[in-house]
Amino acid sequence: MLPLWFCQIKGIYMRVNKIYIISICGVLLSGCSSSVSSPQAEERWHYVTMSAYAPSPVQQGQLQQNTARYTHHEANPIKQTAQEPLATFSFDVDTGSYANVRRFLKTGSLPGADVVRVEELVNYFPLTEATKKNIPGCKGCEENSPFSINYELTPAPWNEKHTLLRLDIAANDIARSKLPPTNLVFLIDTSGSMNSDERLPLIKSSLKLLVNELRDQDRISIVTYAGSARLLLSSTSGAEKNTILNAIANLQAGGGTNGGAGVAMAYEQAQAGYIKGGVNRILLATDGDFNIGDDPSSVEDLVKKQRESGITLSTLGVGDNNYNEAMMVKIADTGNGNYSYLDSLSEAQKVLSNEMNQTLVTVAKDVKAQIEFNPQQVIEYRQIGYEKRQLRADEFNNDAVDAGDIGAGKHVTVLFELTLAGQQASVDKLRYGKSPASTQTSNSNELMWVKLRYKAPQGESSRLVEMPIISSAVTRNFSRASPDMHFLSAVAAYGQKLRGSEYLNKTSWQQIQSWAQEGKGADQYGYRAEFIQLVGLAESLSR
């Protein structure tokens, strides 16, 4: 029997006259182990893929092995409310998938399905409707809550026989002048695999952007790792920008990748410079290729242990054909941080400057949701994205279960496609036994009951917020939906179509562009305009 890691190899690619030829492994997989026994066990594996994952340029006709690693996930299925009325999940604040997908498209390649996580595409964009709204019947929506909640219901643009629910959380922002003092440790991979323009040089330029945002009360350390770990710069005040910038300028790549030693030293530095009541965070910048030293599971265990000390860890990914995204996502999640992918200096500007508060300052941790659908009103539901964030129903009230952390000023969106009473369901009414749901409208006006749990940044006990979502809130025509609903629906459709979703078979790229254009709005930084261009690029590459 072949080992599991070998069974995940999907193919190799060759570049000949700029045409990518995909070779999919078939016969070799016949000896593979069938499956992982549980979702928890599955999370321990990093799926090795060698499909057409954005190759770097190579000489004509040269065979290049691609060892990029992405965690496999199947799209959420349609669920019958009568059988499964509860949807329980952790919120996701990562945005790395969007920038990585953009890299594929801009280098002339469609991304594989595992590269595309729809929720990260949707949550890449700031919302235009940032006003706090009082939702009737909401319990726990106090004025001092760290976030506000909003929702919208419209016909799903790709299937107007169904209804699209958009549930938003908008975290309170903090003025830069009122941010707590920051203790940052830059943990930089300087191994040989980082020696190309889109890796270490990009990281150096990116970190300079963050250094320029530092105040005198902020402090920075720099730890590097290649064959071994090295303290390049001990804790230094943000007032000494030239000292910090000179240290960054001297970074050079070469050697192996002992990431475990680097992570351990970074935590030592974070502990040494710990600021009580401040922000204590490690920023790990790497392609994720740990090839010597501790194995990934031991690094993960170290990060899990250290997060209890109040030190968080975020990851900044770079690279292409050996990029280990599975590692980057897992380490950031375990470290109560966020995962970003840097494909350009413009993306670094977004992550480390424009959205610095979101990247560094947590306002609510372990944020999770449980939605109970009313089977008399909602026949079926399908959550769009969040496949790797699903929780068991009993984990919602368990404060020991780790969940997503939300940064200051961050907007997080959750989308569900619903089949309401009277709409066409995917499953016929049963002749015998339990029916999926009544197609007659009941007296209750509630479509569902939404519950959220979150903790204060330094808290151990969760707080509960709960509220109804009512049927009278449904907008009957998609053309009357808000600009944000138009735009985020387009992003969700784009992600699903890139993944080859069966639910988007009849939706064209032109339709997606049209919905996005209708929701473009003011677009302060041009993110939405760029998205519209990417949809056109995806269409061209799909022909």
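Tell me, which residue of segment 127-151 that is modelled with pLDDT of 90 or more and aliphatic (A, V, I, L, M) is farthest from Lys365 (Cα to Cα)?
Per the stated criteria, the residue is Leu127.
Would you please list the contacts, defined by Cβ atoms under 9 Å and residues six or more apart or on different chains, that run from a residue in segment 516-533 that is surrounded by 17 or more Cβ atoms within 10 Å (Cβ to Cβ) to a residue that is acidic (Asp, Glu)?
The qualifying pairs are Gly519/Asp484.
State whether one or more residues within segment 371-383 are surrounded by fewer than 21 Cβ atoms within 10 Å (Cβ to Cβ) and closer than 27 Å to Leu498 by Cα.
yes
Here are Ala393, Ala369: which of them is small (Gly, Ala, Ser), more than 19 Å from the chain's Cα centre (by Cα) and under 30 Å from Ser471 (Cβ atoms)?
That would be Ala393, the only listed residue that is small (Gly, Ala, Ser), more than 19 Å from the chain's Cα centre (by Cα) and under 30 Å from Ser471 (Cβ atoms).
Looking only at segment 458-482, count every residue that is surrounded by fewer than 18 Cβ atoms within 10 Å (Cβ to Cβ) and either outside the structural domain of Phe147 (by TED's automatic domain parsing) or under 26 Å from Gly404 (Cβ atoms) (or both) and tell me the total.
8
So, in segment 445-495, exactly how many residues are in a helix (DSSP H, G or I) and in contact with a strand residue (DSSP E or B) (Cβ under 7 Å, 6 or more places away or on another chain)?
7
Suppose the filter is more than 24 Å from Ala68 (Cα to Cα) and either crowded, with 22+ Cβ neighbours inside 10 Å or not assigned by TED's automatic domain parsing to the domain that holds Val185 (or both); does Gln306 pass it?
Yes: the conditions hold for Gln306.
Need at least 2 residues that are assigned by TED's automatic domain parsing to the domain that holds Leu245 per element, so show me which strands (runs of 3 or more DSSP E) inside segment 125-222 make the cut, counting only ones lying wholly within it.
Because the criterion is at least 2 residues that are assigned by TED's automatic domain parsing to the domain that holds Leu245, the strands (runs of 3 or more DSSP E) in segment 125-222 that meet it are 182-189.
The values are calculated or read from the model by the stated rules, or taken from the named source; none is laboratory data. On a predicted model such as this, the values are computed, not experimentally measured, just so you know. Cβ: placed from backbone, ideal geometry, glycine included. Neighbour counts: every protein chain shown.
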